[in-house]
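Student: Quick one: structure below, then a few questions.
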2 protein chains.
Amino acid sequence: MKNYNDTTYAILGILTTNCRSGYSIKQFIDQSLNHFWKISYGQIYPTLKLIVQEELAEVHTSSSTGKPDKHEYYLTEKGIETLKNWLEKPIEQLPVERNEILLKLFFGRFQSREKTISLLENYKEKLENRYQTYVSIEQAIINYPDNDTDPDSMYWLFTLDYGKRTTRASIEWCEFTLEKFLNKEDS
Amino acid sequence: MKNYNDTTYAILGILTTNCRSGYSIKQFIDQSLNHFWKISYGQIYPTLKLIVQEELAEVHTSSSTGKPDKHEYYLTEKGIETLKNWLEKPIEQLPVERNEILLKLFFGRFQSREKTISLLENYKEKLENRYQTYVSIEQAIINYPDNDTDPDSMYWLFTLDYGKRTTRASIEWCEFTLEKFLNKEDS
DNA sequence: CTAAACATGTAAGAAGTTACATGATTAT
DNA sequence: ATAATCATGTAACTTCTTACATGTTTAG
């Protein structure tokens, strides 16, 4: 079975929900996968074209009078199989996540203690904002009346939990590292 | 002051150490920045060319008899200023880290419980290996005789600590999520 | 002797972002 | 009216990886 890139699989996955057009795929990603996946129109439309070419989906064009054409994509059997096949495949290797703050810290020898500290404080603040965003989204899902009937909400909460845990760990690292720099004052 | 990409700044930073050639820059990254930064020769050599063009470094070519030419790069005053300027600048926004496992989990509705579980177990195993690697490197640095005189070792330990903490958090998330799936058995 | 390490580079292609281009509909 | 949202798409550009091309030196 042919391999595609993750962006293609992400779109294939979204097409299993009620999102059927390029525009609504973008919305879905911005609303639901935002904290661990993003995508631009510059990728979505060409990828949809590829998906149709590869017969993983069929496109139904509805040209209502006056309105511009709207393209609705429906997964084919082949498309569903391709998606399932990818879902089963274990992750090959953990990605190396480039981290700008670690890079700056690493060359911190060329900077004053004060500047390193403010760099870390700024980073910590951004992490705390992100953490709060995750908590807010989580609360919104839990309080949403249909939450126990909606099959997606459980998965959504899992991904949020991941975000919360790793963000929390980063915040704690900031605090620990900041303390080291603050204590260096007297040395 | 002109802006460059992070890869350029990383190389500028490495040129402040004793690494002066494309080959040794690659080695330095593979040995020291490996867990949060990587780079290929296909980027290094063109970037070095750019750095010289922009007068951020000068190249000294030593052509020993017989041996192939070796290019040694030395930062100029302008190069040092450019690096320092970047170091000071706070991170603009936290990057969205694409996460393949979360993407697969999100579409887990289309998979059996068993397959989701083995996906998570495989991921957890990889994370545990990574964690052990970090611990080993940390021990090697701490036990290395010159560790308190080497100014780099402190920064190295900070970046390792970051890796350990975030990896640990991911492992804990795997355990928590796995438990949820294992308990779903009876429902 | 031969494999690994030293050493420098290019070319093709994949993946992704940003800006541009166009136009309808709906809410304020 | 006019701003926001709906809706689709392309082109240029940046970044990065992989494979290729070439040749020397050193260690086992």
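Derivation of every value follows stated rules applied to the coordinates shown; laboratory data play no part. Remember, predicted model here, so these are calculated numbers, not experimental data. Using ideal geometry, Cβ is built from the backbone for each residue, glycine included, and neighbour counts are taken over all protein chains shown.
Student: Please find, among residues of chain B, the one with the beta carbon closest to the rotation axis relating it to chain A, distance in whole Å.
Tutor: Output: B:A169, 2.
Student: Check every DSSP H run in chain B and write down those whose alpha carbon atoms cover 24 angstrom or more along the long axis and whose mean Kyte-Doolittle hydropathy is -0.5 or greater.
Tutor: Helices passing the filter in chain B: B:151-183.
Student: Work out Dmax and Rg for region B:100-186 from the C-alpha atoms and quote the Rg first, both in angstrom.
Tutor: 17.7, 59
Student: Also: Measuring nothing but label to label, 7 Å from Cα along Cα→Cβ, what are B:E81's distances to the other copies in nm, shortest first?
Tutor: Those label-point separations list as 6.4 nm.
Student: Follow-up. From the C-alpha coordinates alone, can you work out the Kirkwood hydrodynamic radius of region B:1-59, in Å?
Tutor: Every distinct Cα pair counted, the radius reaches 11.6 Å.
Student: Among all the aspartates and glutamates, which ones have a C-alpha under 14 Å from A:K124's C-alpha, if same-chain residues fewer than 8 places away are not counted?
Tutor: The qualifying aspartates and glutamates are A:E100, A:E172, A:E175, A:E179, B:E92.
Student: Using all Cα-Cα distances in the protein assembly as shown, what percent lands in each 10 angstrom bin from 0 up to the longest?
Tutor: Result, from short to long distances: 4, 19, 26, 24, 17, 8, 2, 0 percent.
Student: Just in region A:1-86: which trypsin sites (Lys or Arg not before Pro) are loop by DSSP and have at most 10 other Cβ atoms within 10 Å?
Tutor: Counting only loop positions with at most 10 other Cβ atoms within 10 Å, the trypsin sites (Lys or Arg not before Pro) in region A:1-86 are A:K2.
Student: A follow-up question, please. With the label 7 angstrom out along Cα to Cβ, how close does A:K180 come to the same site in each of the other copies, in nm, nearest first?
Tutor: Nearest first, the other copies' label points are 3.3 nm away.
Student: Across the residues of A:107-119, average count of Cβ atoms on other protein chains within 10 Å?
Tutor: 4
Student: While we're here: Per residue Cα convex hull volume for chain A, in cubic angstrom?
Tutor: Measuring per residue, one finds 182 Å³ for the Cα hull of chain A.
Student: Would you work out the charge dipole size for region A:6-88 about its Cα centre, treating the Cβ of every Lys and Arg as +1 and the Cβ of every Asp and Glu as -1, and quote it to the nearest 20 debye?
Tutor: 340
Student: A further question follows. List nothing, just return the count: lysine pairs in region A:6-88, 8 or more apart or interchain, with Cα separation under 21 Å.
Tutor: 8
Student: Between copies, how close do the B:Q43 label points come, placed 7 Å along Cα→Cβ, listed in nm from shortest?
Tutor: When each copy's label point is compared with this one, the spacings are 1.7 nm.
Student: Can you give the net charge of the other residues whose Cβ lies under 14 Å from the Cβ of B:Y162, counting K and R as +1 and D and E as -1?
Tutor: +2
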